[in-house]
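Take a look at the structure set out below.
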Amino acid sequence: MKPSLPALSLIVGLSAGCNPPAVVQGTVVSYDVPARSIVVRDDNPPNAELVISAANADIGAEPAAGDVVRIAYRDENGFLRATRVMNLTRQQESKKKGKGE
């Protein structure tokens, strides 16, 4: 049985959207604000340092050296491009301030 063209188009379309971003959590080594480039040391062994572009990323609180962040990113032929940067350190600080601690 031959698949119909609409069914084949649907399968190809669905498979194209099934490429979720990779996620890294680690400590910010440095953040170049003008270049919007983050160097993060992965929490998982071998604790690699990744250079990730955040040029078009959705960034919560601005990262700083020493902050713990979670970054969703895509590897585009060796160029790591962030889609979202979540600053876990600043989120915890804002929760404490909200509770009056």
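The values are calculated or read from the model by the stated rules, or taken from the named source; none is laboratory data. Please read these numbers as outputs of a predicted model, since none were measured by experiment. Heads up, the Cβs are rebuilt from the backbone with ideal geometry, glycines too, and the neighbour counts pull from every protein chain shown.
Listed by position, the strands (runs of 3 or more DSSP E) enclosed by the stretch 21-77 that each have at least 1 residues that are under 20 Å from GLU93 (Cβ atoms) and hydrophobic (A, V, I, L, M, F, W, C) are 22-32, 37-42, 68-76.
Quick one: what pairs do we get from the stretch 17-41, first residue more than 16 Å from ASP58 (Cβ to Cβ), second modelled with pLDDT of 95 or more and among the basic types (Lys, Arg), C-beta under 6 Å, 6+ apart or different chains? Going by the 6 Å Cβ cut-off, the qualifying pairs are GLN25/ARG70; GLY26/ARG41; THR27/ARG41; VAL29/ARG41.
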